[in-house]
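Where a number appears in this text, it was derived from the coordinates with a stated rule and is not lab data. Predicted model only: the values in this text are computed from it and were never measured. Glycine also receives a Cβ, built like all others from the backbone with ideal geometry; neighbour counts cover every protein chain displayed.
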Amino acid sequence: SFNKSIPQGLKRVPGPKGYPLIGNVLDLGKNPHLALAKMSQKYGDVMQIHLGTRPVIVLSGLDTIRQALVKQGGDFMGRPDLYSFRYISDGQSITFGHDSGEVWRTSHKLAQNALKIFSASPSPVSSSCLLEEHVSNEADYLIMKFQERMKEEKSFDPYRYLVVSVANVICAMCFGKRYSHDDQELLSIVNLSNDFGEAAASGNPADFIPILQYLPNRTMKVFKDLNMQFSAFIRKIVKDHYISFDKENIRDITDSLIDHCQDKVDENANIQFSDQKIVNIVGDLFGAGFDTVTTALSWSLMYLVTYPEIQKKIQEEIDQTIGRERTPRLSDRSKLPYTEAFLLEMFRHSSFLPFTIPHCTTRETSLNGFYIPKDVCVFVNQWQVNHDPKLWKDPSTFQPGRFLAADGAGINRVESEKVLTFGLGKRRCIGESVGKGEVFLFLTTLLQKLEFSVCRGQLVDITPQYGLTMKHKRCEHFQIKQRF
Ligand code: HEM
């Protein structure tokens, strides 16, 4: 425990004094990422707070975070046993579950391989890969929907349509299926993500103050219900896959997991995968795959209408490189440095995943000369890194140009590697390349055909609202103009 004497040569982690029973909960306020970034200026990159009576280590600074998550990756790869996480896939989620041992390793590897095969393999009907094929279909449909809305309403909120298009891409990979934009079942599932993000965000008091678990709490009640609804949705789809399963025709990620599970006990791990495990893995991929990408695209649209001259520059780059006839491809990314710089700046400036998912230590360790015990919860402040005045000039201005190489012909690699969005090390996002590729393809396909703006006189509010993934306020005043 923390009161144990500190091993020789190591220092005690510094931090603010808290109140009895609640600790520093009130200090976090409405925007814990901002409050903790500010606090780190006083206490340093390795700092300790208390939430309730539980100690939490908060990491800031890119070098310190790299040291912990990469160089000492094994020490910091755990997930804390938080109250809210027990309700996600019955505590068996590969993303939120407490296990980081053999079962986690095997499921993690299976998920990674399945995701790679069902995104990068060639499409059977064109010369594209599966991801390009799915995004191209959904983006065309999305453009049609936007045009229809524009004609009927004169302005609209793009989020509602984006979320279904993005969900359809991950559905195509996971389940081999797409939903209509009016499908009530899918809409009810994708609309759960805000309530999910509220409860699963770092610093939810109910995770740290046990008494709150027994008091009526709207956030947690909603959270329990939505996890049950989500599991039931996934379970039904997996069950249908079992019924129509054909070993000779593996249609999607769910089929490939069923195949793996029926075929053999994993040679390396000796772990038999249960049906429930399959439900949890596809649930994790689907859950992680639609909310993050939708949020990234939605922030992109907000920045584009806030800075019309930036939008124009991206469109010029697309016109000159891809032209107006063919669909953008992943191989175009390296030829569109300004577009790439815009996306990096969107990730940096919004930092819409302000913290990674909470980590915990797997053994007693030390960091920067400070003693850190086993099983202690660790928050990694990505927002702080992305706005650190020691790393960035004018961190609060939105300025894609900061990522361009001096000759303007490419991306400045040193700058781009300072952006922290997908975590680092053993728990780094497994969907990073799919996610980045998907955002690039959606955005370039939309901007090739459409110009976005908001109605005259309407102001755009890009203040993030705190959560696991931070959203902006919804905006109903979007307008589009067809470019040709
Ligand atoms: C984990 C970001 C897209 C699957 C994470 C983490 C972050 C992140 C910050 C936590 C890292 C940590 O705890 O240290 C993002 C962003 C995305 C994105 C910004 C899109 C723009 C995706 C996609 C998928 C995915 C498309 C899958 C289809 C996962 C999984 C984990 C994860 C399974 C858990 C890894 C683990 O606990 O070991 N992601 N992600 N993500 N992400 Fe993503």
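Pairs exceeding 26 Å between alpha-carbon atoms, taken from Lys30/Lys473; Lys11/Lys374; Lys42/Lys221: Lys42/Lys221. Amide H to amide H, with H built 1.01 Å from N, Ile411 comes under 5 Å of Ala405, counting only residues 5 or more places away or on other chains. Rounded to a whole number, what is D in µm²/s for the stretch 410-484 from Stokes-Einstein with the Kirkwood radius over alpha-carbon pairs (37 °C, 0.692 mPa s)? D = 208 µm²/s. If you take the charge dipole of the chain about its Cα centre, with +1 on Lys and Arg Cβ and -1 on Asp and Glu Cβ, which of Gly425, Phe118, Leu131 is farthest toward its positive end? My answer, from the dipole projection, is Gly425. Think of the stretch 150-206 as having a plus end and a minus end, set by charges on the Cβ of Lys, Arg, Asp and Glu; of Met173, Met150, Ser188, Met173 sits farthest toward the positive end of this dipole.
Would you mind ranking Cys129, Cys377 so that the residue whose beta carbon has the fewest other beta carbons within 10 Å leads the list?
Working: Cys129 18, Cys377 22.
If I rank by nearby Cβ atoms, fewest first, I get Cys129, Cys377.
Quick check: net charge around Gln147, other residues with Cβ under 13 Å of its Cβ, Lys/Arg +1 and Asp/Glu -1? Result for the neighbourhood of Gln147: +2. Residue-wise HN-Hα couplings along the stretch 52-69, as the Karplus relation 6.51 cos²θ - 1.76 cosθ + 1.60 with θ = phi - 60° gives them from phi, are x, 9, 8, x, 10, 8, 10, 9, 10, x, 4, 5, 5, 5, 4, 4, 5, 7 Hz; Gly and Pro carry x.
Under a 5 Å amide H cut-off, with hydrogens placed 1.01 Å from N, Val454 pairs with Gln479 among residues at least 5 apart or on other chains. Shape of the stretch 182-261 from its Cα gyration tensor (a ≥ b ≥ c, root eigenvalues): rounded if a/c is under 1.5, otherwise prolate when a/b > b/c, or oblate? Cα axes put the stretch 182-261 in the prolate bin.
Label the stretch 46-155 by shape, choosing from rounded, prolate and oblate, from the square roots a ≥ b ≥ c of the eigenvalues of the Cα gyration tensor; if a/c is under 1.5 it is rounded, and otherwise prolate applies when a/b is larger than b/c, oblate when it is not. Before the final figure, lay out each step's value.
Values: a/c = 2.36, a/b = 1.72, b/c = 1.37.
Taking the square roots of the gyration eigenvalues as a ≥ b ≥ c, the stretch 46-155 is prolate.
Before anything else, pin down the relative contact order of the stretch 160-239: Cα pairs under 8 Å, at least 6 apart, normalised by residue count, whole percent. Intermediate values should be presented prior to the final figure.
Numbers: 38 pairs, mean separation 19.7, N = 80.
Answer for the stretch 160-239 is 25 percent.
Sort 395-405, 288-298 by packing, meaning the average of other beta carbons within 10 Å per residue, with the highest value first.
Working: 395-405: 16.2, 288-298: 23.3.
Packing proxy ranking, top to bottom: 288-298, 395-405.
Taking the Cα centre of the stretch 1-75 as origin and assigning +1 to Lys and Arg Cβ atoms and -1 to Asp and Glu Cβ atoms, the resulting dipole is close to 140 debye. Using the Karplus relation 6.51 cos²θ - 1.76 cosθ + 1.60 with θ = phi - 60°, the per-residue 3J(HN,Hα) values for the stretch 392-407 come to 10, 7, 6, x, 8, 8, 8, 8, x, x, 4, 9, 7, 5, 4, 7 Hz, with x marking Gly and Pro.
A simple spin-label model places the labels of Ala406 and Glu325 4.0 nm from each other, with each point 7 Å out along Cα-to-Cβ.
Under a 5 Å amide H cut-off, with hydrogens placed 1.01 Å from N, Ile372 pairs with Thr365, Ser366, Leu367 among residues at least 5 apart or on other chains.
Which of the three applies to the chain, rounded, prolate or oblate, going by the alpha-carbon gyration tensor with a ≥ b ≥ c and a/c under 1.5 meaning rounded? It is oblate, given that a/c is not under 1.5 and a/b is not larger than b/c.
Taking the Cα centre of the stretch 359-454 as origin and assigning +1 to Lys and Arg Cβ atoms and -1 to Asp and Glu Cβ atoms, the resulting dipole is close to 240 debye.
Dividing the alpha-carbon radius of gyration of the stretch 310-436 by the rule-of-thumb value 2.2 N^0.38 Å gives 1.30.
Within a straight-line Cα-Cα reach of under 18 Å, Lys335 can be paired with the following lysines, leaving aside sequence neighbours fewer than 8 residues apart in one chain: Lys312, Lys313, Lys436. Bridges between two residues of the chain, per DSSP, are antiparallel at a rate of about 85%.
Dividing the mean sequence gap of close Cα pairs (under 8 Å, 6+ apart) by how many residues the stretch 334-450 holds gives a relative contact order of 29 percent. Couplings 3J(HN,Hα) of the stretch 475-481, computed from phi: 10, 9, 9, 5, 10, 10, 10 Hz, in residue order, whole Hz [Karplus 6.51 cos²θ - 1.76 cosθ + 1.60, θ = phi - 60°; x for Gly and Pro]. Taken about its Cα centre, the chain carries a charge dipole of about 1320 debye when Lys and Arg each add +1 at the Cβ and Asp and Glu each add -1 at the Cβ.
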